[in-house]
Amino acid sequence: MNESKDFMELAIDLAEVNIIKQDGGPFGAVVVKDDVIVGKGSNHVTLNNDPTAHAEIEAIRDACKTLNTFNLEGCEIYASCEPCPMCLGAIYWSRIGKLYYGATKDDASKADFDDSFIYKEFELSKEQRSIPSVQLMRDKAIKVFQDWIDSENKIPY
């Protein structure tokens, strides 16, 4: 078996074990750099009472801790399922170079993990979304960005 299949096999195994241990949903992920696993994660939403504790997020956090960086350039992620919008965003933010996934978002939907509502919300204008979005104190808020621009101690990311 090739390494890519081995890494995907581990991601799927993490999802399966998560069901057996009753630690969360049926999702697993691993982050790999130079053919070495640097991060692992399983869905721990219910275990941690944390709606952001998806397998991909947990694996990214683990990889960042292992590599002592917030930039995962040169890494790949293997996810047991096509990532939700939040996880896909985190994959982009972390600069992971390649995504492999097993099941599709439609497969997840059949198991009652349906993100179609969120995808549809993204397509709507802010005024049409189900969660009201109200802008407040823009002048004060944008001053923080100017402070960042002017700072000599910032760490760009």
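Values as computed for the structure displayed
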quantity: Residue check, Ile77 of a type in the set (A, V, I, L, M, F, W, C), crowded, with 18+ Cβ neighbours inside 10 Å and assigned to a helix (DSSP H, G or I); calculated: no
quantity: Residue that is least open to solvent (accessible area, probe 1.4 Å), among those in the range 109-136 that are more than 24 Å from Gly24 (Cβ to Cβ) and hydroxyl-bearing (Ser, Thr, Tyr); calculated: Ser125
quantity: Residues located in the range 137-148, provided they are of a type in the set (A, V, I, L, M) and open to solvent by 100 Å² or more (accessible area, probe 1.4 Å); calculated: Met137
quantity: For Ile20: the one exception among (1) open to solvent by less than 90 Å² (accessible area, probe 1.4 Å); (2) more than 17 Å from the chain's Cα centre (by Cα); calculated: (1)
quantity: Set Val38, Val31, Val17: member being in contact with a Cys (Cβ under 6 Å, 6 or more places away or on another chain) and at negative phi; calculated: Val31
quantity: Selection status of Thr52, more than 10 Å from the chain's Cα centre (by Cα), open to solvent by 20 Å² or more (accessible area, probe 1.4 Å) and of a type in the set (Ser, Thr, Tyr); calculated: no
quantity: Unique residue being out of contact with any Phe, Trp or Tyr (no Cβ under 6 Å at 6 or more places or on another chain) and within 24 Å of Glu121 (Cβ to Cβ) when the list is Gly41, Gly89, Gly97, Gly102; calculated: Gly89
quantity: Residues (more than 21 Å from Lys98 (Cα to Cα) and open to solvent by less than 40 Å² (accessible area, probe 1.4 Å)) located in the range 23-43; calculated: Asp23, Gly24, Gly25
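The values are calculated or read from the model by the stated rules, or taken from the named source; none is laboratory data. From a predicted model like this one, the values you see are computed outputs, not experimental measurements. For neighbour counting, all protein chains shown are included, and Cβ atoms are generated from backbone atoms with ideal geometry for every residue, glycine included. Heads up: the accessible areas ignore ligands, DNA and RNA and are worked out on the full protein's heavy atoms, side chains in. Shrake-Rupley method; radii C 1.70, N 1.55, O 1.52, S 1.80 Å.
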